[in-house]
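Reviewing the structure listed below.
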Amino acid sequence: MAKLILSLDGQVIKEFTLSKERTTIGRKPHNDIQIDNLAVSGEHAMIMTILNDSFLEDLGSTNGTLVNGQPIKKHFLQNNDVIEIGKYKIKYASEAPSTLSQEDFEKTMVLRAPAAAAAPKVERNPTDTQTGVQPVVAAAPAAPAAPAAAPAPKEKLGDTTITAQVPPPAPAAAPAAAAPKPAAAPQPAAAAAAGQGMIQILSGPNAGKELPLSKPLTTLGKPGVQVAVIAKRPQGYFITHVEGANFPVVNGKSLDAQAHQLSDHDVIELAGVKMEFFLKA
Amino acid sequence: MSLSSALQMVKATHTGMVRSHNEDSITTDPEIGLAVLADGMGGYNAGEVASGIATALISSETREALIRNAPHHVDKTTGAPIATRLLRDIIAKANTSIYQSANSQPQYAGMGTTLVVTLLCDNQITIAHIGDSRCYRFRGGKLEQVTRDHSLLQEQIDSGLLTKEAARRSQNKNLVTRALGIEPQVEAEIHTHPVQSGDLFLLCSDGLNDMVEDGDIEMTLEALAANPQLAAEQLVQMANDNGGRDNVSVILIKVRKDFPADDGWMTKFLGWFK
């Protein structure tokens with residue numbers, strides 16, 4: 001379960017666990033996190049937690065709410081985000097249970113309203129089918145309560161990795177669902193550290209032209225006649241035949257249907273055109 | 001009438017780089033215009049069992065049902081093509097079958113599967129889905145998602161809580177709100193769309209769309225449209241190159257030409273008297 005660490009001038013005041021669906025922050029005593037300071041509005045901000053995701057929303061406070069130095073209206077909290085309210089800082093630390101491997105968490109699971117009883121078992125035996133038990137149906141519609149028109153939170157990528165920390169004290173409502181999935185699909189790592197792959201045309205009307213292989217896939221040849229594709233992969237550059245009766249020829253040897261890894265200064269012949277593959281430092 | 005001359009169907013599936021086994025199951029039957037993809041879930045090998053039951057049962061039942069029914073005819077009571085009712089009934093059967101095995105055999109308890117099924121006939125495609133397995137259409141150089149996931153994330157996007165970009169970083173990616181075989185009854189979402197010659201339909205498990213961005217999928221289909229088998233393998237490879245954190249499965253259906261239904265003179269003749 002995620003935690004909030006409230007501090008003032010670098011001194012930690014208190015820690016809070018985000019155990020409820022709604023956690024309110026404000027000056028008045030009925031707030032879950034009360035900050036008794038005049039710069040803080042009576043009802044200043046609210047954090048909505050749905051399973052493992054938490055959303056911060058400013059409730060129209062007088063002096064505003066900042067996250068990592070930026071004023072926000074609504075924000076999808078990421079691990080280590082720092083919320084500023086007046087002079088107070090609140091650090092958001094999302095915790096991932098470390099007892100289970102990432103793999104266990106990423107399995108697709110079903111959510112359904114009833115069956116809360118299944119929850120504790122799920123915790124212990126992650127390989128079992130996990131039938132989540134959060135009343136999603138209730139949780140999701142709660143969302144529009146927040147102004148739907150609020151500008152989408154724009155956050156930078158980068159500090160989004162969720163580090164596994166101490167296992168939580170058995171969360172009640174089984175979101176073993178906690179899938180600490182690293183951020184969005186990473187782009188394929190720049191192929192082969194050796195450098196940027198390039199193609200230089202050696203013959204025909206375009207002789208001398210250079211073509212950088214910057215995209216994950218680059219097609220070469222004449223559609224309908226002969227086409228090959230060069231795929232940029234973490235391991236390097238690979239050429240594969242796509243269509244046509246003839247297969248591409250690399251260094252004088254005709255390829256088969258399999259992908260062929262290119263080496264620096266390989267000469268490719270395709271649809272009657274010669275070209276050279278090379279790596280640019 | 002066989003549709004295999006009009007429809008080219010290719011498939012590729014891979015365990016991925018992290019999982020120990022492949023719980024996805026896929027099958028294609030170009031003759032009758034059917035493609036089925038299921039992404040199973042459940043402990044040990046129960047996920048495979050659930051997805052396996054789904055694909056096997058749906059393909060055999062559909063084949064049989066098509067002998068007696070013309071899927072493109074309009075169902076008089078609902079106004080939808082017969083295909084809709086056929087798929088609904090067959091999917092309900094698959095649901096019952098998985099649900100019962102799950103309840104009768106302890107090792108399969110709680111197993112289930114997501115599902116996407118397409119049935120093509122008479123220049124139309126009927127798509128049924130449950131959960132977060134998807135169908136995309138690639139037409140005129142543009143990739144469009146045709147199905148809408150039954151997932152927590154999709155609900156959050158719909159309600160305005162998350163943007164599509166923020167959704168990619170959500171920790172709740174893998175929670176589906178509907179699955180086959182988990183409860184005694186399930187409702188498949190079924191729609192019929194017109195098909196054009198040259199269309200390319202992509203069915204995939206979340207192992208693909210979680211690892212490869214739509215833009216890269218689009219580019220791959222564009223570049224490799226001439227060779228669907230290579231395109232399917234390339235997509236799987238890209239998912240694996242990006243980490244391959246889940247099983248990844250892909251079915252591509254290429255519409256080579258129009259495929260109007262041929263009812264034969266007898267049917268047409270009888271149609272006069274209806």
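The values are calculated or read from the model by the stated rules, or taken from the named source; none is laboratory data. Only a predicted model underlies this, so the values are computations on that prediction, with no experimental measurement involved. Here the Cβ is made from the backbone with ideal geometry for all residues, glycine too, and neighbour counts use every protein chain on show.
Yes or no, residue by residue, for (1) aliphatic (A, V, I, L, M); (2) touching a helix residue (DSSP H, G or I) at 6+ places or on another chain (Cβ under 7 Å):
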| site | (1), (2) |
| --- | --- |
| B:SER97 | no, yes |
| B:SER101 | no, yes |
| B:GLN107 | no, yes |
| B:LEU119 | yes, yes |
| B:ILE125 | yes, no |
| B:PHE138 | no, yes |
| B:LEU143 | yes, yes |
| B:SER151 | no, no |
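Evaluate the range B:47-66: report whether one residue or more is of a type in the set (Gly, Ala, Ser), in a loop (DSSP other than H, G, I, E, B) and touching a Ser or Thr at 6+ places or on another chain (Cβ under 8 Å). There is no residue in the range B:47-66 that is of a type in the set (Gly, Ala, Ser), in a loop (DSSP other than H, G, I, E, B) and touching a Ser or Thr at 6+ places or on another chain (Cβ under 8 Å). Hey, any hits in the range A:14-22 for a residue that's part of a strand (DSSP E or B) and over 15 Å from A:LYS91 (Cα atoms)? Yes, because at least one residue in the range A:14-22 is part of a strand (DSSP E or B) and over 15 Å from A:LYS91 (Cα atoms).
Summed over the range A:1-43, the residues that are under 21 Å from A:ASP53 (Cα atoms), small (Gly, Ala, Ser) and surrounded by fewer than 19 Cβ atoms within 10 Å (Cβ to Cβ) give a count of 1. Checked against (1) modelled with pLDDT under 90; (2) under 36 Å from the mean Cα position of the chain (by Cα), A:VAL225 passes all but condition (2). Each residue in the range A:222-259 was checked for being surrounded by 13 or more Cβ atoms within 10 Å (Cβ to Cβ) and touching a Pro at 6+ places or on another chain (Cβ under 8 Å), and 10 of them qualify. Taking strands (runs of 3 or more DSSP E) as the structural unit, those lying wholly within the range B:135-230 and holding at least 3 residues that are more than 9 Å from chain A (Cβ to nearest Cβ), crowded, with 22+ Cβ neighbours inside 10 Å and of a type outside the set (S, T, N, Q) correspond to B:200-204.
Yes or no, residue by residue, for (1) of a type in the set (D, E, K, R); (2) crowded, with 16+ Cβ neighbours inside 10 Å:
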residue	(1), (2)
B:THR55	no, yes
B:SER60	no, no
B:ASP75	yes, no
B:TYR108	no, yes
B:THR114	no, yes
B:THR118	no, yes
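Scanning the range B:6-46 for residues that are closer than 20 Å to B:ALA83 by Cβ and part of a loop (DSSP other than H, G, I, E, B) returns B:ALA6, B:PRO30, B:GLU31, B:ILE32, B:GLY33. Right, A:ILE268: over 15 Å from B:LEU230 (Cα atoms), away from chain B (no Cβ under 13 Å), in contact with a Pro (Cβ under 8 Å, 6 or more places away or on another chain) and crowded, with 17+ Cβ neighbours inside 10 Å or not? The answer is yes for A:ILE268.
The residue that is modelled with the lowest pLDDT, among those in the range A:86-101 that are touching a strand residue (DSSP E or B) at 6+ places or on another chain (Cβ under 6 Å), within 19 Å of A:ASP53 (Cβ to Cβ) and part of a strand (DSSP E or B), is A:ALA96. Of B:THR96, B:THR77, B:THR126, all but one fail to be in a helix (DSSP H, G or I), more than 30 Å from A:ASP53 (Cα to Cα) and among the polar types (S, T, N, Q); the exception is B:THR96.
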